[in-house]
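Q: Got a structure for you, questions after.
What follows is calculated from the coordinates using simple rules that are stated; it is not laboratory data. Because the structure is a prediction, the values reported are computed rather than measured. Cβ placement follows ideal geometry from the backbone for every residue including glycine, while neighbour counts extend to all protein chains displayed.
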Amino acid sequence: MGRLIVPLAEALGVSTAVVGRKSANLARLRAEGFPVPPAFVVTTDAYREFVAAPRVGEAIRSALLEPGALEARYRSVAGAMHSQPLPAELDAALDGVCREVTAGGGAMAVRSSGTLEDAPNASFSGMLSSAVGLTRCEDLPDAVKECWISAFRPQVSAYARDSGVDEQALEVAVLVQRLVPAERAGLVFTRDPVNRYGNDVVVEATYGPGEDVVSGEVTPERYAYDPRDGRVMVRKLAPRPGREAEPEAHERRLDDGEVAELAGWALRAEDILGGPQDVEWAYGEGRFWILQSRPLVFSPREERVFPQVEEQTVLLHGSPASPSVGSGTVCVTSGDALPNDLASCVAVVKRLTNELAVRLHGAAAVIAEEGGATSHGANILREFGVPVIIGARSATTRLRSGTMVTVDGFRGAVYEGDLSLTPEGLEDVPDTRTKVFASVIVPEKASVVAQVADGVSSLRDDYFLLRSGVHPSEMIRRGRGPELEETIVRGIRRTLELFDGKPVWYKLMDAPSDEFRRLAGGEGEPDEPNPLLGWRGIGRELAEPEMLELELRAIARVVAEGRRNLGVKLPFVRFVSEFEEGLKAVRRAGMHPGEDVAVGLSVETPAVALRLRDFLDAGTGFVSVGVSDLTMCVLALDRESSRIADRFDPSHPAVAYMLEAIAESVRSGGVFACATGEAARDPRLLPRLLGMGYDAIGVSLAYFVDVKRRIRAIESARALAGVR
């Protein structure tokens, strides 16, 4: 018989197959000087001896003959293991362990340490049992049994099957650890879980023990640490429980020095253990303790979408937890009953437990009202590439079952409709007299329509400027401006190659302040009650000239290469003076508006629509109408307010009046005009836009083919009626 129990201090030289991965990792860190609480490991030798008992062994063998009846086989195995006493030698040894660990009146944490758990390709995150806070030695044997029994849970079997792992190879050691009386606790990810290619270390913290964070019970505070310059950024503050109304309610859980200390321990663990790590920590007895460290598991599926603010309707925001994009119908559920067609379901839940996450790994996306991006449930879904948003308050009441939505697990946003980036039916795209432009987010994604589209109504800088997860101004302050500039240059070049000889309009930065506040380094952004009407567009860029100059330098570099089909679109212009200042900035960058580059105007407010001739006189090269924002401003309806979303009507007579006024002005001025945004494809409005004489309609890739076909049908009907 092998050794039944090994002190953690002696586990370094013992095989992982004997002590499990969790214990093996902790033993290595302890040997390297990490502050790991004293512990003992109940080895897999003890596990094997226990399951070899005739009653238990027969239950397990019978269970394996019924692979489909997961719940029934679990109950059978659990019953046999509960009724089987521990070997006398192990029982006595556990009593000795308990007395040593709890000497002086302390408590125990009993954690599973599976042989397959915490592997680089499968985490089994939070699936095996733990028991925290045990003080009585007579409770320890049952806690150890529960860890063993948890290997047969239905969700463990399902996870192993879907991860391509042989569950019969899973054996469970048990870590019996002195419980740190935690004043604060949390997790450190040495890579941002939604931006694995970035440099930031993510630290999450809460008051009290960390079990509530990993279980998804609470929404923790979040910090980002940049190891290159030691800068700490607060990404998300959380109020003290029960003190939300007090002035000091948002007092930080960790100061900058503490964040840096935790990040330092985690980065050392990454070096020692050989890959990105998920580290659990606690603060108690006047110091930090490292409780466990496991590999971060990422899905090979990763996709980001950056819907433009004036084109899409944002229904909800939360914390991004898995950098994928998914579309489907909303299914608000408690988890008791899931729809049969889970692949088309966007599951909306109060709390994302790890048990529920296993059942939801085939969903189109998951939205949870509570929790953190480092919780076990989020980890599981991230492994399977499921888009996840956490901490989306009131999601279960604000999102209606049956509604089609798109979930952006990188940006933390829920958008109305299906914004799939892959249009269908490209083999049969009709010709139309009215041009149809595409809105381009990721240049490579646009290659599918480049041959049939007539131009690019918005080459959006969102992807170029926000993909790092760091505020662009923060990147400039850190000396990473050239990196941003080069990214923009490459994106413009690639788009011009794809749309060779066709108009390509690069839209300058127009994200509202709440979007920037979600980025690392965005804590200084103003907290505006209505960001869509706040500090955005060309007005903001003129107030922050370093960002405007960077974008214009990138554009000028491409123009200097001899490209003549590139245009610069000034977004959300409010005043003629802003447009004139924008023209001056273009000239200062070495370009000549109207000669080597076109400079156009995005019309989104009634003030601009009614004074458009003044802008034409100032030298507008083209006009792009943001129909969604124009509708918002004309009707005084916040597009991000779910309470009034049903009143948002692009075909309203007042909106149509403004659109007609714009069309009349551009016709008299001989300027090319394009109506853009998802509101422009509204079936009630699209025929009227064609009747007004707009030269082009601009839509996102997902709707390009549909709009092209509908325009062809409208034009054919007008031709039959003798209307041009």
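Q: Which GluC sites (Glu not before Pro) in region 532-567 sit in a loop by DSSP (not H, G, I, E or B) and have at most 15 other Cβ atoms within 10 Å of their own Cβ?
A: Values: sites: Glu541, Glu546, Glu549, Glu551, Glu561; in loops: Glu561.
Within region 532-567, the qualifying GluC sites (Glu not before Pro) (loop, at most 15 other Cβ atoms within 10 Å) are Glu561.
Q: Run the count for the chain, please: Lys pairs, Cα-Cα under 29 angstrom, 8 or more apart or on different chains.
A: Lysine pairs meeting both conditions in the chain amount to 19.
Q: Dipole size in debye (nearest 20) for region 433-720 around its Cα centre, Lys and Arg Cβ +1, Asp and Glu Cβ -1?
A: That gives region 433-720 a dipole magnitude of about 960 debye.
Q: Shifting gears a bit: Mind giving me the nanometre distance, one decimal, between the label points for Arg588 and Glu544, set 7 Å out from Cα along Cα→Cβ?
A: Taking the simple label geometry, Arg588 and Glu544 are separated by 1.7 nm.
Q: Now for a separate question. Assuming 1.306 mPa s and 10 °C, estimate D for region 456-554 with Stokes-Einstein, Rh taken as the Kirkwood radius over Cα pairs, in µm²/s.
A: Working: Rh = 14.1 Å.
Answer from the Stokes-Einstein relation: 113 µm²/s.
Q: Sorted by mean Cβ packing within 10 Å, highest first, what order do the peptides 483-496, 582-595 take? It would help to have the intermediate numbers written out before the result.
A: Values: 483-496: 18.9, 582-595: 16.6.
Answer by packing, highest mean first, reads 483-496, 582-595.
Q: A follow-up question, please. Among Thr397, Ile441, Gln451, flag the residue with its Cα farthest along the positive direction of the charge dipole of region 330-455, charges on Cβ as +1 for Lys/Arg and -1 for Asp/Glu.
A: Towards the positive end, the residue furthest out is Thr397.
Q: Return the unpartnered cysteines for the chain, using a Cβ-Cβ cut-off of under 4.7 Å.
A: Unpaired cysteines in the chain: Cys147, Cys633, Cys674.
Q: Restricting to bridges with both residues inside region 314-416, how much of the DSSP beta-bridge set is antiparallel, in percent to the nearest 5?
A: Working: 15 of 26 bridges.
Counting DSSP beta bridges with both partners in region 314-416, the antiparallel share is about 60 percent.
Q: Remind me, relative contact order of region 499-538 in percent, using alpha carbon pairs under 8 angstrom and six or more residues apart?
A: Values: 33 pairs, mean separation 18.7, N = 40.
Normalised by residue count, the contact order of region 499-538 is 47 percent.
Q: Now, a different point. Kindly work out what percent of the DSSP beta bridges joining two residues of the chain are antiparallel, to the nearest 5.
A: On the way: 65 of 108 bridges.
Around 60 percent antiparallel, to the nearest 5.
Q: Further, regarding this structure: Under a crude label model (7 Å from the Cα following the beta-carbon direction), how far is Glu285 from Asp162 in nanometres?
A: Modelled inter-label distance: 4.0 nm.
Q: Now a separate question. Dividing the alpha-carbon Rg of the chain by 2.2 N^0.38 Å yields what?
A: 1.09
Q: Say the dipole of region 433-720 comes from +1 at the beta carbon of Lys and Arg and -1 at that of Asp and Glu; which of Val671, Met632, Gly590 then lies farthest toward its positive end?
A: My answer, from the dipole projection, is Val671.
Q: Calculate for the chain the 222 nm mean residue ellipticity that helices alone would give, adding -39,500 (n - 2.57) per DSSP H run of length 4 or more and normalising by residue count, nearest 500 deg cm²/dmol.
A: Values: 25 runs with 253 residues, N = 724.
My calculation for the chain gives -10500 deg cm²/dmol from helical runs alone.
Q: Also: Quick one: compute the contact order of the chain, relative version, from alpha carbon pairs under 8 angstrom and 6+ residues apart, as a percent.
A: Details: 1578 pairs, mean separation 70.6, N = 724.
Computed over the chain, the figure is 10 percent.
Q: Also, I was wondering about something else. Once both axes come from the Cα atoms, what is the angle between helix 88-101 and the longest principal axis of the chain, in degrees from 0 to 90, rounded to 10?
A: 60 degrees
Q: Which of the trypsin sites (Lys or Arg not before Pro) found in region 529-573 are loop residues per DSSP with 11 or fewer other Cβ atoms within 10 Å of their Cβ? Don't jump to the answer; show the numbers that get you there.
A: Working: sites: Arg536, Arg540, Arg553, Arg557, Arg563, Arg564, Lys569; in loops: Arg536, Arg563, Arg564.
Of the trypsin sites (Lys or Arg not before Pro), the ones in loops of region 529-573 whose Cβ has at most 11 other Cβ atoms within 10 Å are Arg564.
Q: Here's another thing I want to ask about it. So, with +1 on the Cβ of K and R and -1 on the Cβ of D and E, and no other charges, what is the size of the charge dipole of region 5-178 about its Cα centre, to the nearest 20 debye? List each step's numbers first, then the result.
A: Details: 16 positive and 21 negative charges, 51 e Å.
The dipole of region 5-178 has a size of about 240 debye.
Q: Something else about it: Which of Pro687, Ile5, Ser157 sits farthest toward the positive end of the charge dipole of the chain, with +1 on the Cβ of Lys and Arg and -1 on the Cβ of Asp and Glu?
A: Pro687
Q: Under a point-charge model restricted to the Cβ atoms of Lys and Arg (+1) and Asp and Glu (-1), what is the dipole moment magnitude of the chain relative to its Cα centre, in debye to the nearest 20?
A: Rounded to the nearest 20 debye, it is 1240 debye.
Q: Let me ask something else. May I ask you to derive the relative contact order of region 314-416, considering only C-alpha pairs under 8 Å and at least 6 residues apart, and to give it as an integer percent? Before the final figure, lay out the partial values.
A: Working: 296 pairs, mean separation 42.9, N = 103.
So the answer I get is 42 percent.
Q: Sort 404-412, 473-481, 715-723, 345-353 for me by packing, meaning the mean count of neighbouring Cβ atoms within 10 Å per residue, highest on top. If you can, show how the numbers build up before the last one.
A: Values: 404-412: 25.7, 473-481: 17.0, 715-723: 11.0, 345-353: 24.0.
Taking the mean over residues of other Cβ atoms within 10 Å, the ranking is 404-412, 345-353, 473-481, 715-723.
Q: For labels at Ala88 and Ala107 in the simple 7 Å Cα→Cβ model, what's the distance in nm?
A: Simple spin-label model gives 3.4 nm for this pair.
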